[in-house]
Amino acid sequence: MSRTSGLAAKLLAEQYKKILQDKGFAFFENGDYNLNIIGVRNASGDASKFDDFISVLYKISGEWTCDTYPVTTEPGTSILKRPLKEVEHKGTAILVPSQYRGVYKIGWHGSRDRGHMALCQRGGQVKVWRDNNRDIKPDYHGQEDVGWYGINIHKHRGSTARINTGGASAGCQVFQSSVDFSEFMETCSDARDKWGNSFTYTLLEEKDLTNKGVC
């Protein structure tokens, strides 16, 4: 995790605010721990790596902070080649870039014995593309479905930072580092205490930032 504060964080907040508002999306700036959770999908089209990121912009004592974490916003290569049994007739889900307002809640992700607390899709529907050609390259313009698919924001099962995605994601937004994820969830818990158990997730594409000179 990298943390930006002070003037640099304020400038980032202003840039992200402009990007989101130009798309008609909400940007939260009232009060402390009013989180803007923003994923950015790398333009590489390489689903094997954790080459995307999530930035969380929020205020602490009225001052902007930006925490940035390496993640994957795409299914892992193992799942692209072999979709889960439940969706093998339709293909693996790839989250469509958009803003999912109030869709996420802190809850239990995974099985009873191997799961963990995460941000879970329990407050609304999401849009996904269906990739069903069984190669390792994610298809961003396939069949589009809208529904309840359990597209959660979670960590992978290991305790150390993972290099390749493999089977870590079946369409969820997955952190590369468990340590980073723990810090992220602490921030989310602080936000829940102040604003309730409802979170908005915005997924952007890298070009949305480069077009505005952000990265």
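A short reminder: the numbers here are calculations on the coordinates, not readings from a lab. All of these numbers come straight from a predicted model, not from anything done at the bench. Positions of Cβ are backbone-derived with ideal geometry, glycine not excepted, and every protein chain shown enters the neighbour counts.
For the reader, a short list of remarks on this structure follows.
- Pairwise centroid distance, computed over Cα atoms, of the range 10-41 with the range 122-137, Å: 25 Å
- Using a cutoff of 8 angstrom between alpha carbon atoms and counting only pairs six or more residues apart, the relative contact order for the chain works out to 26 percent.
- Förster-model FRET efficiency, 22 Å R0, R114 and V179, C-beta, rounded to 0.05: 0.70
- Label-point gap, in nm, between N132 and R157 - each point 7 angstrom along Cα→Cβ: 2.7 nm
- Table column - 3J(HN,Hα) (Hz), the range 13-24, Karplus curve with 6.51, -1.76, 1.60, x for Gly and Pro: 4, 5, 5, 5, 4, 5, 4, 5, 5, 5, 8, x
- Cross-link check: pairs K10/K81; K105/K207; K18/K105; K23/K81; K18/K90 evaluated at a Cα-Cα cut-off of 31 Å; pairs beyond the cut-off: K10/K81; K23/K81; K18/K90.
- Note: relative contact order over the range 88-144, using C-alpha pairs below 8 Å and six or more positions apart, is 39 percent.
- Amide H contacts of G142: R130, each under 5 Å away and 5 or more positions distant or on a separate chain (H built 1.01 Å from N in the peptide plane; Pro and chain starts excluded).
- A full extension of the chain between Q125 and E88 corresponds to an added length of 11.3 nm, given 0.36 nm per residue minus the alpha carbon distance.
- By DSSP, the beta bridges lying fully in the range 2-210 are antiparallel in about 85 percent of cases.
- The simple Förster model, with R0 at 25 Å and r as the Cβ-Cβ distance, assigns N34 and S5 a FRET efficiency of 0.95.
- C-alpha long axis of helix 178-195 to longest principal axis of the chain, angle in °: 60 degrees
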